[in-house]
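Beneath this line is the structure, given in structure tokens, with notes to follow.
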Amino acid sequence: MSIEPCLLPDNPLWEVFHLSSRWRAHDLAGIARRAARSGQQPPRDDLFRRFLPVALPGPAGFLLSEMTLAGAVGSRCSARDFAGMPLSWEEIAELLWATAGAVPLRAGESHRRRTFPSAGACYPLELFFWLPVPPAGSSVGPYHYDAGRHSVRCVGGTDADLSLAELVSAAAQPALVERAGLLAVTAAVFARSTWKYGAKGYLFAYIEAGHAVQNTYLAAAALGLGVVAIAGWDDTALDAALGLDGLRASAVYSVAVGRPAAGSS
């Protein structure tokens, strides 16, 4: 049985990264210079332009207004037993928007904010998802969520069943995936943060993924749905299923949402 290198006593890779990504006073000055040089992050390519966007039901946030923030925070918990029933597209749209959607411009703002905070407004995250138990007439995916347009693109191939089978086989706990109504995978394009913040930009991408998935948890609670974060993956297979190279862009966080099974808490 192989041992992960970072678990070996004489090879603590996390310590190497932690120390090498720490900032000192002269680093802060360099960051300020990079930010001032361009005033914004490098232009982005629309990797999914060739796929036709499909608008989602709206208005975003409408269904979530039924529960108070205190109610959502208090009822938030992880569920590990789904009923294998589909979600509605209205519910899916609310979950996607809450996780990583865009909000309207306010007076004096030059760019649209998202529903999660991002260091320097770099927004390195992209949201993908599958519908393991899809609504009638829908493909299982994978889909890409376009936050700016509040729309989705199906970015998978023609053999959706094979794609889902490969996805389930890549999970350490297949039942959490195959019986969920939604599997949302947050991916990071690291250069969007590291061009400005160096090695710490890599760390920021993971922190921001945590912000976004907490939104998923709260939205699921508001909708009366079960939710669980999933870290057990064949990471290489998951990246490949989304067309990510695993280095410049990689899946960093995933969460399954579904209707709770009868009798589950």
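Details
- Within region 165-222, tally of residues that are farther than 16 Å from G258 by Cβ, of a type in the set (S, T, Y), crowded, with 22+ Cβ neighbours inside 10 Å and in contact with a strand residue (DSSP E or B) (Cβ under 7 Å, 6 or more places away or on another chain): 1
- Of all residues in region 1-32 being farther than 12 Å from K200 by Cα and β-branched (V, I, T), the one that is modelled with the highest pLDDT: V16
- When each of A209, A187, A180, A205 is tested for being closer than 30 Å to R33 by Cβ and outside any helix (DSSP H, G or I), the lone residue that passes is A187.
Yes or no, residue by residue, for (1) in contact with a His (Cβ under 9 Å, 6 or more places away or on another chain); (2) on the phi > 0 side of the Ramachandran plot; (3) modelled with pLDDT of 85 or more:
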site: G108; (1), (2), (3): no, yes, no
site: R112; (1), (2), (3): no, no, no
site: S118; (1), (2), (3): yes, no, yes
site: P124; (1), (2), (3): no, no, yes
site: F129; (1), (2), (3): yes, no, yes
site: P132; (1), (2), (3): no, no, yes
site: G148; (1), (2), (3): no, no, yes
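- Screening L95 against (1) modelled with pLDDT of 80 or more; (2) open to solvent by 80 Å² or more (accessible area, probe 1.4 Å) leaves a single unmet condition, (2).
- When region 116-132 is filtered for residues that are touching a Gly at 6+ places or on another chain (Cβ under 6 Å) and surrounded by fewer than 19 Cβ atoms within 10 Å (Cβ to Cβ), nothing remains.
- E90 vs. criteria open to solvent by 70 Å² or more (accessible area, probe 1.4 Å), modelled with pLDDT of 75 or more and in a helix (DSSP H, G or I): yes
- Scoring L242 on the criteria (1) under 22 Å from W89 (Cβ atoms); (2) open to solvent by 50 Å² or more (accessible area, probe 1.4 Å) leaves a single failure, condition (2).
- Residue count for region 98-115 under the criterion of being polar (S, T, N, Q) and open to solvent by 30 Å² or more (accessible area, probe 1.4 Å): the result is 2.
- Filtered residues of region 245-259 (kept if touching a Phe, Trp or Tyr at 6+ places or on another chain (Cβ under 7 Å) and either open to solvent by 40 Å² or more (accessible area, probe 1.4 Å) or part of a helix (DSSP H, G or I) (or both)): R248, R259
- Consider region 223-239 and keep the residues that are open to solvent by less than 20 Å² (accessible area, probe 1.4 Å) and in contact (Cβ under 8 Å) with a residue 60 or more places away in the chain. The one that is nearest to A205 (Cα to Cα) is L238.
- Yes/no for A229 being closer than 24 Å to A98 by Cα, of a type in the set (G, A, S) and in a helix (DSSP H, G or I): no
- Yes/no for L162 being in a helix (DSSP H, G or I) and modelled with pLDDT under 90: yes
- Qualifying residue in region 65-88 (condition: in contact (Cβ under 8 Å) with a residue 60 or more places away in the chain, of a type in the set (V, I, T) and within 22 Å of L176 (Cβ to Cβ)): no
The values are calculated or read from the model by the stated rules, or taken from the named source; none is laboratory data. Remember, it's a predicted structure, so these values are computed and weren't measured experimentally. Backbone-built Cβ (ideal geometry, glycine too); neighbour counts: all protein chains shown. Just so you know, the surface numbers come from the protein's heavy atoms only, side chains and all, with ligands and any DNA or RNA stripped out. Shrake-Rupley method; radii C 1.70, N 1.55, O 1.52, S 1.80 Å.
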